[in-house]
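**Student:** Before anything else, here's the structure in question.
The values are calculated or read from the model by the stated rules, or taken from the named source; none is laboratory data. Only a predicted model underlies this, so the values are computations on that prediction, with no experimental measurement involved. Glycine gets a Cβ as well: all are built from the backbone with ideal geometry, and neighbour counts include every protein chain shown. Protein only, heavy atoms only, side chains kept; ligands, DNA and RNA dropped before computing areas. Shrake-Rupley method; radii C 1.70, N 1.55, O 1.52, S 1.80 Å.
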Amino acid sequence: MTSVSGSTPTTPPPFGLAPEDIGLWDAAVSLLQRTYRSGRHEVAAAVRTRSSGIHVGVHMAGSAGRTSICAEGMALGAVLAATPPDLSLADEIDAVLAVLHRPGIGIRIVSACGVCRELLFDYCPEAWNYVHRFPDDAPAPGTPEVVYLPETGRGIREVPALAHGSAERLRVRELMPAKNIRSW
């Protein structure tokens, strides 16, 4: 997927989203509203660059789990395709945001999975990224749909997948504080 334009989504941005990142939210939500297929295309990501605008990607589920590709990786590929070879992705990428859709619940920010955190750290450790912060009063673990998320400084936390929360803006490097930047 490449740059996106078109209709404005009707889903309001979440609490905690920086004003300068509403365009990322709109681009990711718009893409997800056009491409959503249950079990196949449930996540969309938007990446803002300093020179070529916003680029998007959608999650592509494969029949063998290992063949699936996350939305963040697809969006980074779109950025790479649009970036002149003399520019570094680390210098070009300003912010990354991903959204998840669940029927009957709606669309919300989704935190990057472990693989995507690694990928983002390799290519744009100083970029802004959003994580979904679950409220302290979220339903107890064991609710029908539960996920296990890595959280900075907290280890792994079991939380209801659909709990409402807020968006928190962090540098990609803050998602993996003990990791060293790779020299390519």
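**Student:** So if each residue of separation counts as 0.36 nm, and I subtract the Cα-Cα distance between SER38 and ALA90, what length gain in nm does that give?
**Tutor:** Between SER38 and ALA90, full extension yields an extra 15.4 nm.
**Student:** When the accessible area of the stretch 6-89 is split by element with a 1.4 Å probe, what percent falls to carbon and sulfur?
**Tutor:** Of the solvent-accessible surface of the stretch 6-89, carbon and sulfur hold 59 percent.
**Student:** If packing is taken as the average number of other Cβ atoms within 10 Å across a peptide's residues, how do 48-61, 75-88 rank, most packed first?
**Tutor:** Going by the mean number of other Cβ atoms within 10 Å, highest first, we get 48-61, 75-88.
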